[in-house]
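After the structure tokens below, expect a handful of questions from me.
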Amino acid sequence: MSIPGRVNAAVKGLALWAGLGLVVSAIALTALGFLIAGFFIWVEQYKSHAVAAAITGGALLGAAVIIGVIGSLILKKIKKPQPSIVSEFLGTAGIAGRIVGMLIRRDPRKSLILAVVAGALAEYITTDSKKRN
């Protein structure tokens, strides 16, 4: 299969999965609405309209708080710790130093040319745009 054919098939598959997810989400939300309405009607048999609405709202708010706290705890547990910027910079600088050392030992002339080009590029990037024009 050609690359455009593969891309076309991947896009079609993605669109079908997105459509399926949308339909399943809509049906699940509808079912949840009916469950909430059923809970309200059940409570309404024993209490007045206003009290039944307050109990239903309180139950939903409590469920939202519990889900939020549990979700937050789970997200904090699965979050990977990020290295500090300083350690990341030092690691990158160390690798760059090793590469430069290897290049100098192999061919000093090429490293001199690369140093000149890198210096010129750094000067071009760091100068003010008004001075360039």
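The values are calculated or read from the model by the stated rules, or taken from the named source; none is laboratory data. None of these values were measured; they are calculated from a predicted model. Cβ coordinates were reconstructed from backbone atoms using ideal geometry, including for glycine residues, and neighbour counts include every protein chain displayed. Note: accessible area is taken over every heavy atom of the protein model, side chains too, but ligands, DNA and RNA are not part of it. Shrake-Rupley method; radii C 1.70, N 1.55, O 1.52, S 1.80 Å.
Tally up the residues in the range 27-49 that are open to solvent by 80 Å² or more (accessible area, probe 1.4 Å) and either touching a residue at least 24 places away in the same chain (Cβ under 8 Å) or assigned to a helix (DSSP H, G or I) (or both), please.
Taking the range 27-49 first, the residues open to solvent by 80 Å² or more (accessible area, probe 1.4 Å) are 27, 29, 32, 34-35, 41-42, 45-47, 49.
Those still in the list that are either touching a residue at least 24 places away in the same chain (Cβ under 8 Å) or assigned to a helix (DSSP H, G or I) (or both) too: 27, 29, 32, 34-35, 41-42, 49.
Here the count works out to 8.
Can you pull out the residues in the range 88-125 that are of a type in the set (Ser, Thr, Tyr) and surrounded by 10 or more Cβ atoms within 10 Å (Cβ to Cβ)?
The initial filter retains those residues of the range 88-125 that are of a type in the set (Ser, Thr, Tyr), namely 92, 111, 124.
Across the range 88-125, the qualifying residues are Thr92, Ser111.
Do any residues in the range 58-83 that are touching a residue at least 24 places away in the same chain (Cβ under 8 Å) and within 25 Å of Phe40 (Cβ to Cβ) have Cβ atoms under 8 Å from those of residues that are part of a helix (DSSP H, G or I) and open to solvent by 80 Å² or more (accessible area, probe 1.4 Å), where the two are at least six apart or on different chains, and which pairs are they?
From the range 58-83, no pairs qualify.
Would you point out which residue out of Leu103, Leu90, Leu112 is hydrophobic (A, V, I, L, M, F, W, C), in a helix (DSSP H, G or I) and touching a Leu at 6+ places or on another chain (Cβ under 9 Å)? First the steps, then the outcome.
On the way: Leu90 fails: touching a Leu at 6+ places or on another chain (Cβ under 9 Å); Leu112 fails: touching a Leu at 6+ places or on another chain (Cβ under 9 Å).
The match here is Leu103.
Report whether or not Val100 is of a type in the set (A, V, I, L, M, F, W, C) and over 36 Å from the mean Cα position of the chain (by Cα).
Values: of a type in the set (A, V, I, L, M, F, W, C): yes; over 36 Å from the mean Cα position of the chain (by Cα): no.
Judged against the criteria, Val100 is not a match.
If a residue must be open to solvent by 100 Å² or more (accessible area, probe 1.4 Å) and modelled with pLDDT of 80 or more, how many such residues does the range 74-87 contain?
The number of residues fulfilling the criteria is 4.
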